[in-house]
Amino acid sequence: MEDNKHGVFTQFKKDIRKRMLTGLLLILPVYVTFFVVKFLFSFVGGTLAPVIKRVLQFYGVALPKTSLDEFIITFFGLILTFIALYFIGIFAANFVGKAIINYFENLLTKTPVIKSIYSSVKQIIHAVSLPGKQSFKRVVLVDFPKEGVKSIGFVTGDINYNDEKKLICVFIPTIPNPTTGFLIYLPENAVTDTNLTIEVAFKTLFSAGVLTPKDLLTSYKIEQTHISH
């Protein structure tokens, strides 16, 4: 009798754990999405929120006192930000706009300290956002952090080493935050190409390997090149 009670209690605990895990897997993506959207809404909308408050103050309108008032002002700030970006894009596309932008860019690129920051940020943004320009070219496996240990890497480009040898740039993301990682330079024959797409590779990384594809096919690119000849 006691064994039956113990068995029922154990099954009950397993059932509770299973239901809670199911609920967590359902709620967690919604929870994270909500806070990301909330952050973007506050960040973008809050950019012009002080301007809107100054305008309201200038016309004698009472400043916001409730959370609803703050939300409305942030919402209008979001709309105005998008409108401003649209007209800035139109302005930057004409001759006068290009001339003014080039003038200020030249000013920034000639200012010590600022020129390094501005140039680096501009290159990164252009590399990520320009249409048709893929930052990550292919998914590879590399021996990292030591020989015999395989890590997922993304080939981002190549570089000439001492004007003799061509090295490829490989970005190796970290877990649980794949937006940070290591940049290493390797010869082509030191990496192993895989059948993973960029999307599948990132799913694998974000899930810490839980969503690893069933089959991982690899092949040495240098050997493929040799066979094709």
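The values are calculated or read from the model by the stated rules, or taken from the named source; none is laboratory data. What you are looking at is a predicted structure, and each value in this text was computed from that prediction instead of being measured. Here the Cβ positions follow ideal geometry from the backbone for every residue, glycine too, while neighbour counts run over all protein chains shown.
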Across (1) in a helix (DSSP H, G or I); (2) over 25 Å from the mean Cα position of the chain (by Cα); (3) farther than 30 Å from LYS38 by Cβ, PHE87 clears everything bar (3)
I'd like to check something: does the stretch 74-87 contain any residue that is surrounded by 13 or more Cβ atoms within 10 Å (Cβ to Cβ), closer than 30 Å to LEU40 by Cβ and modelled with pLDDT under 80?
no
Please enumerate the residues belonging to the stretch 59-73 that are among the polar types (S, T, N, Q) and closer than 16 Å to PHE41 by Cβ.
SER67
